[in-house]
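The values are calculated or read from the model by the stated rules, or taken from the named source; none is laboratory data. Since the model is a prediction, treat every value here as computed from it, not as a measurement. Methodologically, a virtual Cβ is constructed for each residue, glycine included, from the backbone with ideal geometry; neighbour enumeration extends over all protein chains shown. The area values use the complete protein model at the heavy-atom level, side chains included, leaving out ligands, DNA and RNA. Shrake-Rupley method; radii C 1.70, N 1.55, O 1.52, S 1.80 Å.
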Amino acid sequence: MPKHLTLRVHLPPALAQQLGARRKQTGQTLSAIIIQALERLLGDEDQTVFQTSTVNALMEGVSTGDMTMGELKTHGDFGLGTFDGLDGEMIELDGKVFQVRADGHAHPVEDSARTPFATVSFFKADESARVDRPCDQPAMLAAVAAMLPSQNIFHAVRIEGRFAYVKTRAVAKQDKSVGLEDAARGEPIFEFRDVEGTVVGFFTPDYLRGVNVPGYHLHFITADRSAGGHMLDCRTRDVTIKIHHTPEFELGTPGTEEFLQADLSRDHTAAITKVEH
Ligand SMILES: [Zn+2]
């Protein structure tokens, strides 16, 4: 049996005081409270999708980068999003963040870069299935859907292998306050044939429209991490679909004046469906 580890930790006074207050409030031991906090932070039962900002905010042109990549990585090693001023498509895979700019090329990103919108999780496959028959995108998504126990929770989706065809887009950096719908108009489109790579994405329940893209939001990056983008279409050749069920959701909102003062009451569902699928 693995040995227990005994820790000696120097806590700042304010935190020590809060710990004491929590102990009084709940009757738990100090050890129990600390174990609970560490499990939440490090446990392999992490089932949380973390997101900063909302898709409606992007539609309203709220695109000033706020959260750094360094901070985003503390919330997940897998995900997607965009960068300051809608400057390309973000893909986070195995803890590394890549930016696909409007030229279609992928570049590694510094931890100091900022995002106005991103969705991440610590990916762990709960389900895995190989699909070695050719599928068009609707057939591939039907295979994914068959692996989801419910469409009423988030799921992280990772699809890896060989694709006969992939079509992506990458939004170009915009002037401030240009919304995603206008930005995506005339966006550069990229096509890949007989390519190896990974699809990084999430399934979002329909009732969270306005918060994220309802249904599937998928980004793609090649196996050599040189190109990719927001995925518009594909045909698979031989891929493995992995699903991480993530019934917990944490939403962080940007502290920018732009976000705080924006009118986020409008319903952009029709436009989101048009630009994101
Ligand atoms: Zn996207």
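Order Asp46, Asp94, most accessible first, counting only protein heavy atoms with a 1.4 angstrom probe. All intermediate terms of the calculation are to be shown ahead of the outcome.
On the way: Asp46 30, Asp94 90 Å².
Listed by decreasing accessible area, they come as Asp94, Asp46.
Can you give the % of DSSP beta bridges in the chain that are antiparallel, to the nearest 5?
Values: 69 of 75 bridges.
So the antiparallel bridges amount to about 90 percent of the total.
Give me the distance in nm between label points sitting 7 Å out from Cα along the Cα-to-Cβ direction at His277 and Glu160, one decimal.
So the label points at His277 and Glu160 sit 2.9 nm apart.
May I ask which of Lys173/Lys242; Lys24/Lys73; Lys124/Lys176; Lys73/Lys173; Lys176/Lys274 have a Cα-Cα span longer than 27 Å here? Before the final figure, lay out the partial values.
Numbers: Lys173/Lys242 32 Å; Lys24/Lys73 34 Å; Lys124/Lys176 36 Å; Lys73/Lys173 23 Å; Lys176/Lys274 22 Å.
Lys173/Lys242; Lys24/Lys73; Lys124/Lys176, as the Cα separations exceed 27 Å there.
Hey, can you find the accessible area per residue of the chain for me, probe 1.4 Å, expressed in square angstrom? Intermediate results must be reported in sequence, preceding the final value.
On the way: 13930 Å² over 277 residues.
Solvent-accessible surface per residue comes out at 50 Å².
Just order 154-166, 233-245 by mean Cβ neighbour count inside 10 Å, highest at the front, would you?
Working: 154-166: 20.9, 233-245: 19.2.
In descending order of packing, they fall as 154-166, 233-245.
Solvent-accessible area of Leu30, probe 1.4 Å, all protein chains present, reported in Å² to the nearest ten, please.
Leu30 exposes around 70 Å² with every protein chain in place.
Whole-Hz ³J(HN,Hα) for each residue in segment 266-274, computed from phi via Karplus 6.51 cos²θ - 1.76 cosθ + 1.60 with θ = phi - 60°, x for glycine and proline: what do you get?
Karplus values, whole Hz, x for Gly and Pro: 6, 9, 9, 3, 4, 5, 4, 4, 5.
In degrees, nearest 10, range 0 to 90: what is the angle between the Cα axis of helix 30-42 and the longest Cα principal axis of the chain?
For helix 30-42, the angle is close to 10 degrees.
Mind jotting down a quarter of the surface of the convex hull over the alpha carbons of segment 129-277, in square nanometres, one decimal?
Details: hull surface 38.7 nm².
Result: 9.7 nm².
Go from 0 up to the bin containing the longest alpha carbon distance in the chain, width 5 Å each, and give me the % of pairs per bin.
Final binned percentages: 1, 6, 12, 16, 17, 16, 12, 8, 6, 4, 3, 1, 0.
Taking a point 7 angstrom from the Cα of Asp233 along the C-beta vector, which residues in segment 151-167 have backbone N less than 17 Å away?
Within reach of a label on Asp233, which here means backbone N under 17 Å from a point 7 Å along Cα→Cβ, segment 151-167 contributes 163-167.
What share of Cα pairs, in percent, lie more than 18 angstrom apart in segment 94-210?
In whole percent, the long-distance tail amounts to 64.
Compute the angle between helix 13-26 and the longest alpha-carbon principal axis of the chain, please, reported from 0 to 90 degrees and rounded to the nearest 10.
80 degrees
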